[in-house]
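Enquirer: Next up is a structure, given as C-alpha cells.
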Amino acid sequence: MDNSQSISARQQILQRFEELMRVHGIRYDTIEMVADKCGISKKTIYKYFDSKQEMVAVIINTILDSLGTAISTVYNSDEKPAMKLEHLFSCLYQLLGSISMPVFYDLNKDYPKIDSRIRDFISSQKELISKQIALGMETGDFHNDIDPDIAMEIAMAGAEKVANTDYILKNNLTVEQVINSFKNFMKHALIKD
C-alpha cells in the first residue's frame, strides 16, 4: 500500500469512528465496531492507530487546529470588530457544535488530557480577545467606558465558566445554546447600538 492509500485508509477509519462517536459517544464505541463500519479487520486498524484514545486525540486535535486556523483568519481580516465577533462565534459553533453531548461527557469522564486540551485551547485565545476588544473600543464600535483588560477578563472568565464540559453537562445544555447565549451577551455588553 503506498503512502496515499495509507492516508486514505487512516482518514476513512477516523471518519467512521467520528460517525459512531456522534451517535454513541466515545465510551461505548469499540475498535471492533469501527472495523465493522469500515469493512476491515481490527488488526488493520491497529496498523494505523495504537489505541482508541489515539483516535480520539487525533479527531479532537483536528477540530481544535481547524478552529485555531478559522479564528486566526477572522482576527486577521479587515472587517470591523463587531463583524469579527460575529464570525468568531460562527466558527466556534461550526466546529465545536459538531461535538455531541455524549462525546463531551465521555471526554470529561474518561479522557482528562484531551478535555484539558480543549480547556487550554479556550484559554489560549485570551490575547486575541483582548486585542479585539481594545480595537473595537478604539474604532468606536464598542463602548469605550470599559477598560479593555477588564472587559477581556470578564469575557474570559465567562467563557471559562460556561464553555466547558462540566458546565454544559451539569446544566443539560448544548454547545449551540452556550455559544449563542454567550455571543448575544457579548454583543449587548460591548457593541454600541
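The values are calculated or read from the model by the stated rules, or taken from the named source; none is laboratory data. Since we're looking at a predicted model, the values are computed, not measured. Quick reminder, even Gly has a Cβ in these numbers, built from the backbone with ideal geometry, and neighbours come from all protein chains shown. For the accessible areas, the whole protein counts, side chains as well, though only heavy atoms, and no ligand, DNA or RNA atoms are used. Shrake-Rupley method; radii C 1.70, N 1.55, O 1.52, S 1.80 Å.
Enquirer: Checking Lys52 against (1) within 21 Å of Ser98 (Cβ to Cβ); (2) surrounded by fewer than 13 Cβ atoms within 10 Å (Cβ to Cβ), which test does it fail?
Expert: Unmet for Lys52, out of (1) within 21 Å of Ser98 (Cβ to Cβ); (2) surrounded by fewer than 13 Cβ atoms within 10 Å (Cβ to Cβ): (2).
Per-residue answers, yes or no, for (1) within 17 Å of the chain's Cα centre (by Cα); (2) surrounded by 17 or more Cβ atoms within 10 Å (Cβ to Cβ):
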site: Gln12; (1), (2): no, no
site: Val23; (1), (2): no, no
site: Ile26; (1), (2): yes, yes
site: Ile60; (1), (2): yes, yes
site: Ser66; (1), (2): yes, no
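Enquirer: Tell me the helices (runs of 4 or more DSSP H) entirely within region 96-193 that contain at least 2 residues that are open to solvent by 80 Å² or more (accessible area, probe 1.4 Å).
Expert: Numbers: elements: 101-110, 112-124, 126-139, 148-162, 165-170, 175-190.
In region 96-193, 101-110, 112-124, 126-139, 148-162, 175-190 are the helices (runs of 4 or more DSSP H) which contain 2 or more residues that are open to solvent by 80 Å² or more (accessible area, probe 1.4 Å).
Enquirer: Still on this structure, I have one more. Would you point out the residue of region 39-58, among those that are under 30 Å from Ile122 (Cα atoms) and in contact (Cβ under 8 Å) with a residue 24 or more places away in the chain, that is farthest from the chain's Cα centre (by Cα)?
Expert: Pass one, region 39-58, residues under 30 Å from Ile122 (Cα atoms): 48-58.
Those still in the list that are in contact (Cβ under 8 Å) with a residue 24 or more places away in the chain too: 48-49, 52-53, 55-58.
On the way: Tyr48: 25, Phe49: 23, Lys52: 20, Gln53: 18, Met55: 16, Val56: 14, Ala57: 13, Val58: 13 Å.
For region 39-58, the residue satisfying everything is Tyr48.
Enquirer: Sticking with this structure for a sec: For Ser90, state whether it is within 16 Å of the chain's Cα centre (by Cα), surrounded by fewer than 19 Cβ atoms within 10 Å (Cβ to Cβ) and either in a loop (DSSP other than H, G, I, E, B) or free of Cβ contacts under 8 Å to residues at least 12 places away in the same chain (or both). Reasoning before the result, please.
Expert: Details: within 16 Å of the chain's Cα centre (by Cα): yes; surrounded by fewer than 19 Cβ atoms within 10 Å (Cβ to Cβ): yes; either in a loop (DSSP other than H, G, I, E, B) or free of Cβ contacts under 8 Å to residues at least 12 places away in the same chain (or both): yes.
For Ser90, the condition - within 16 Å of the chain's Cα centre (by Cα), surrounded by fewer than 19 Cβ atoms within 10 Å (Cβ to Cβ) and either in a loop (DSSP other than H, G, I, E, B) or free of Cβ contacts under 8 Å to residues at least 12 places away in the same chain (or both) - is met.
Enquirer: Among (1) part of a helix (DSSP H, G or I); (2) open to solvent by less than 50 Å² (accessible area, probe 1.4 Å); (3) closer than 27 Å to Met137 by Cβ; (4) at pLDDT 90 or above, where does Thr73 come up short?
Expert: Result: Thr73 fails condition (2) only.
Enquirer: Right, here's the next one. Counting only residues that are loosely packed, with under 15 Cβ neighbours inside 10 Å and closer than 17 Å to Val103 by Cβ, which one in region 28-38 is farthest from the chain's Cα centre (by Cα)? Let's see the steps before the verdict.
Expert: Taking region 28-38 and keeping what is loosely packed, with under 15 Cβ neighbours inside 10 Å, we get 28, 30, 32, 36.
Remaining after also requiring closer than 17 Å to Val103 by Cβ: 28, 30.
On the way: Tyr28: 22, Thr30: 24 Å.
Among those residues, the one meeting the criterion is Thr30.
Enquirer: Checking Asp50 against (1) in contact with a helix residue (DSSP H, G or I) (Cβ under 7 Å, 6 or more places away or on another chain); (2) over 27 Å from Thr174 (Cα atoms); (3) modelled with pLDDT of 95 or more, which single condition isn't satisfied?
Expert: Asp50 satisfies all of (1) in contact with a helix residue (DSSP H, G or I) (Cβ under 7 Å, 6 or more places away or on another chain); (2) over 27 Å from Thr174 (Cα atoms); (3) modelled with pLDDT of 95 or more except (1).
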